[in-house]
Amino acid sequence: MGMMLLVLLTSCQKTLQNENEIFQSTFDIIDPLNTTGLTLSSYNGNNVAGFYNNGEFSVNLSNLAAHDFIKISFNLYIHDFWDGNSTGNSEVVTGPDIWRMEVDNEQIINTTFSNTVCNEIYCLQQSFPKNYPWQYNPHTGVANQNLPGRCAGGGSITSLYRIEKLVKHNGGRVSIRFSDLLKQSNVPDQTCDESWSLDNLKISTLRTN
């Protein structure tokens, strides 16, 4: 009886199949037909979408074949002095340093990142891999936290996060928006103090059986 129940439960589970890549870019060139707000730069020998500070870009795709989910994967570079969930004090506003991804105006990622050290006397928490205002140590979920800083100097670094999200979706078109809300009130060049970029963006549709 137990084995029969297990077989029945297993047979009722849906699986994802028929993955169809609908967009892929390493950002060697701007795609004016499918993107808005895209800026291209060079970082660490590669082209990236960026650098953004209180900026955004979108990928807009149409004429999608029948599907049940959209899969979005990319490399996200967090450059220089991100302060995570910290808000600063009465004199200096330092955050929270928010990064977002929306699909058709629905927030899928609304999180923070921290590029600081963490010890018993100083540790600016971040929300990733969950959404704000969850609290995790700096660099939680990071793929590489020792890449060169972009331009801030003074021991700045870049952290690489490899992100993949599966989003329920069945419409004939989709708009995916990447954006931030960064705060740092005491620096003359905010983009040099903290920014982000993105590469190896892949978007696919999937069906369930």
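Just one of the numbered conditions (1) in a loop (DSSP other than H, G, I, E, B); (2) modelled with pLDDT of 95 or more is not true of Gly50: (1).
If we scan segment 73-92, do we find a residue that is within 14 Å of Leu201 (Cβ to Cβ) and charged (D, E, K, R)?
Within segment 73-92, the first condition is being within 14 Å of Leu201 (Cβ to Cβ), and the residues that meet it are 73-77.
Subsequent filtering for residues that are charged (D, E, K, R) retains none.
No, segment 73-92 contains no residue that is within 14 Å of Leu201 (Cβ to Cβ) and charged (D, E, K, R).
Can you find, within segment 87-131, the residue that is modelled with the highest pLDDT among those that are of a type in the set (Gly, Ala, Ser), closer than 23 Å to Ser197 by Cβ and part of a loop (DSSP other than H, G, I, E, B)? So the residue we want is Ser127.
Each row is one residue, and each column tells you yes or no for (1) of a type in the set (Ser, Thr, Tyr); (2) farther than 30 Å from Gly172 by Cβ; (3) in contact with a Ser or Thr (Cβ under 9 Å, 6 or more places away or on another chain); (4) without any contact (Cβ under 8 Å) to a residue 24 or more places away in the chain.
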| residue | (1), (2), (3), (4) |
| --- | --- |
| Leu61 | no, no, yes, no |
| Leu64 | no, no, yes, no |
| Asp68 | no, no, yes, no |
| Lys71 | no, no, yes, no |
| Asp80 | no, yes, yes, no |
| Ser86 | yes, yes, yes, no |
| Asn89 | no, yes, no, yes |
| Ile98 | no, yes, yes, no |
| Gln125 | no, yes, yes, no |
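Return the pair list, or none, for Cβ contacts closer than 7 Å from residues in segment 12-35 that are at pLDDT 85 or above to residues that are surrounded by 10 or more Cβ atoms within 10 Å (Cβ to Cβ) and not in a strand (DSSP E or B), at least 6 apart or on different chains. Sorted first by the residue in segment 12-35, then by its partner, the pairs are Asn20/Ala65; Ile22/Leu64; Phe23/Asn34; Ser25/Asp31.
Gly141 versus (1) in a strand (DSSP E or B); (2) at positive phi; (3) surrounded by fewer than 17 Cβ atoms within 10 Å (Cβ to Cβ); (4) small (Gly, Ala, Ser): which is the lone unmet condition? The one condition Gly141 does not meet is (1).
In segment 33-42, the count of residues that are buried (at least 19 other Cβ atoms within 10 Å of the Cβ), touching an Asp or Glu at 6+ places or on another chain (Cβ under 9 Å) and part of a strand (DSSP E or B) is zero.
Being more than 30 Å from Asp68 (Cβ to Cβ) and surrounded by 15 or more Cβ atoms within 10 Å (Cβ to Cβ), is that true of even one residue in segment 162-178?
Filtering segment 162-178 down to residues more than 30 Å from Asp68 (Cβ to Cβ) leaves none.
Taking every residue of segment 162-178 in turn, none turns out to be more than 30 Å from Asp68 (Cβ to Cβ) and surrounded by 15 or more Cβ atoms within 10 Å (Cβ to Cβ).
Quick check: is even one residue across segment 57-78 closer than 12 Å to Leu181 by Cα, in contact with a strand residue (DSSP E or B) (Cβ under 7 Å, 6 or more places away or on another chain), crowded, with 18+ Cβ neighbours inside 10 Å and hydrophobic (A, V, I, L, M, F, W, C)? No.
Just so you know, in segment 185-209 the residues that are under 16 Å from the mean Cα position of the chain (by Cα) and among the aliphatic types (A, V, I, L, M) include one that is nearest to Phe23 (Cα to Cα), and it is Ile203.
The values are calculated or read from the model by the stated rules, or taken from the named source; none is laboratory data. This structure is a prediction, so every number in the text was calculated from the model and none was measured. Cβ coordinates were reconstructed from backbone atoms using ideal geometry, including for glycine residues, and neighbour counts include every protein chain displayed.
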